[in-house]
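Let me begin by presenting the structure, written as structure tokens, before commenting on it.
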Amino acid sequence: MKGGDPHALVADYWQAEPCGTRDLSHDDRVTFFADLERERYALEPYIPEFAQFGRFRGQRVLEIGVGAGTDFVQWVRAGAHATGVDLTHRGVELTRERLALEGRSADVRQANAESLPFADASFDHVYSWGVLHHSPNTPRAIAEVHRVLRPGGTATIMIYNRNAWVPLTVWAVHGPMKGRPWLSLRQAISKHLESPGTKAYTTDEAARLFAMFEQVSVRTHLAHGDLLQMRPGPKYSSGAYRVLWRVYPRWLVRTLGHRFGTNLVVEARK
């Protein structure tokens, strides 16, 4: 950890384990990236429909938070003039490696979402999936999305829904189950849901975050985490957590539908 700098704390977390790479073999790089892509869209099949990768052929697209490059390579394959940024140099390295293995190239660089290294009105579309809620100053990052979009440009962004299954489960596990019922939902999210300082928002809060845009649509959608479909991390590998994984009420989650989904998806037009 690099002192108390919140950006460094976030970067350290994702540098150690880029999103989706847990427990995948890294030996054969082509197989590694193929497995990464197959698993991502098996667990989250709604991403391609939301992103609409093929819709922006020939347009200037910025992805904020490329991670291991699974979504970013879709923009390049689809013929967009794609640019990608990530807070970590590991994310940049992985994405560049993936492009090179396919004989492709694109502008991928390390950058802070709160201070993007691009001129005003540089892009036709900005995409970010599950990233901006990790930024220490999320409103500033969203203001940067607005700034770098051309007038009439669009953004498709996912941030976390506060009133959802994943945040509530994290609160239950780290609050009441550990004898700390006073732990607030926001504290549980900040301290125990992925990188330090993670935030989640209600639909009304999200609408206010994007109020500078001319048109905004906000809706919730079930995530694979709401159904505990992912592999548990090391901190959830004990016997008690294995039991929780088995008895978790997936039937109830499915029955109640998208209302309590952790994915809060935003479509906005400048």
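The values are calculated or read from the model by the stated rules, or taken from the named source; none is laboratory data. Keep in mind it's a predicted model, so treat the numbers as computed, not measured. For neighbour counting, all protein chains shown are included, and Cβ atoms are generated from backbone atoms with ideal geometry for every residue, glycine included. Protein only, heavy atoms only, side chains kept; ligands, DNA and RNA dropped before computing areas. Shrake-Rupley method; radii C 1.70, N 1.55, O 1.52, S 1.80 Å.
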Just one of 68, 82 is outside any helix (DSSP H, G or I), in contact with a helix residue (DSSP H, G or I) (Cβ under 8 Å, 6 or more places away or on another chain) and within 19 Å of residue 231 (Cβ to Cβ); which is it? 68
Selected residue (only one of 212, 230 is part of a loop (DSSP other than H, G, I, E, B) and either in contact with a Lys or Arg (Cβ under 7 Å, 6 or more places away or on another chain) or modelled with pLDDT of 95 or more (or both)): 212
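Take the stretch 88-111 and flag every residue that is closer than 26 Å to residue 9 by Cβ and of a type outside the set (D, E, K, R). It would help to see each step written out before you state the result.
First pass over the stretch 88-111, keeping only residues closer than 26 Å to residue 9 by Cβ: 88-97, 108-111.
Those that are closer than 26 Å to residue 9 by Cβ and of a type outside the set (D, E, K, R): 88, 89, 91, 92, 94, 95, 108, 110, 111.
Against the definition (touching a residue at least 40 places away in the same chain (Cβ under 8 Å) and touching a His at 6+ places or on another chain (Cβ under 8 Å)), how does residue 155 come out, yes or no?
Values: touching a residue at least 40 places away in the same chain (Cβ under 8 Å): yes; touching a His at 6+ places or on another chain (Cβ under 8 Å): yes.
Yes: the conditions hold for residue 155.
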Give the stretch 84-101 a look and list any residue that's within 21 Å of residue 59 (Cα to Cα) and under 17 Å from the mean Cα position of the chain (by Cα), or say none. 84, 85, 86, 95
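Give me a count of the residues in the stretch 59-79 that are of a type in the set (A, V, I, L, M, F, W, C), within 20 Å of residue 153 (Cβ to Cβ) and crowded, with 24+ Cβ neighbours inside 10 Å. Can you show your working first?
Here is the first cut: in the stretch 59-79, the ones of a type in the set (A, V, I, L, M, F, W, C) are 61-62, 64, 66, 68, 72-73, 75-76, 78.
Narrowing further to those that are within 20 Å of residue 153 (Cβ to Cβ): 61-62, 64, 66, 72, 75-76, 78.
After this cut, where a residue has to be crowded, with 24+ Cβ neighbours inside 10 Å as well, the list is 61-62, 64, 66, 72, 75.
Residues meeting the conditions: 6.
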What number of residues in the stretch 102-128 are charged (D, E, K, R) and over 15 Å from residue 61 (Cβ atoms)? 3
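Out of 190, 105, 115, which single residue is in a helix (DSSP H, G or I), surrounded by fewer than 18 Cβ atoms within 10 Å (Cβ to Cβ) and among the small types (Gly, Ala, Ser)? I'd like the intermediate steps shown before the answer.
Numbers: 105 fails: in a helix (DSSP H, G or I); 115 fails: in a helix (DSSP H, G or I).
Of the residues listed, the single one that is in a helix (DSSP H, G or I), surrounded by fewer than 18 Cβ atoms within 10 Å (Cβ to Cβ) and among the small types (Gly, Ala, Ser) is 190.
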Positions within the stretch 1-40 being open to solvent by less than 70 Å² (accessible area, probe 1.4 Å), farther than 18 Å from residue 191 by Cα and without any contact (Cβ under 8 Å) to a residue 12 or more places away in the chain, in sequence order: 31, 32, 34, 35
Per the filter on the stretch 195-226, residues touching a Gly at 6+ places or on another chain (Cβ under 9 Å), crowded, with 16+ Cβ neighbours inside 10 Å and of a type outside the set (A, V, I, L, M, F, W, C) are 220, 221, 226
Does at least one position in the stretch 129-138 carry a residue that is open to solvent by less than 40 Å² (accessible area, probe 1.4 Å), in contact (Cβ under 8 Å) with a residue 60 or more places away in the chain, assigned to a strand (DSSP E or B) and not hydroxyl-bearing (Ser, Thr, Tyr)? yes
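Does the stretch 154-166 contain any residue that is under 18 Å from residue 265 (Cα atoms), aromatic (Phe, Trp, Tyr) and buried (at least 21 other Cβ atoms within 10 Å of the Cβ)? Give the steps one after another, and end with the answer.
Applying the first criterion (under 18 Å from residue 265 (Cα atoms)) to the stretch 154-166 yields 154-166.
Subsequent filtering for residues that are aromatic (Phe, Trp, Tyr) retains 160, 165.
Pick out the ones that are also buried (at least 21 other Cβ atoms within 10 Å of the Cβ) and you get 160, 165.
Within the stretch 154-166 (the criterion being under 18 Å from residue 265 (Cα atoms), aromatic (Phe, Trp, Tyr) and buried (at least 21 other Cβ atoms within 10 Å of the Cβ)), the answer is yes, since at least one residue qualifies.
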Failed item in (1) out of contact with any strand residue (DSSP E or B) (no Cβ under 6 Å at 6 or more places or on another chain); (2) closer than 25 Å to residue 216 by Cα, with residue 72 passing the rest: (1)
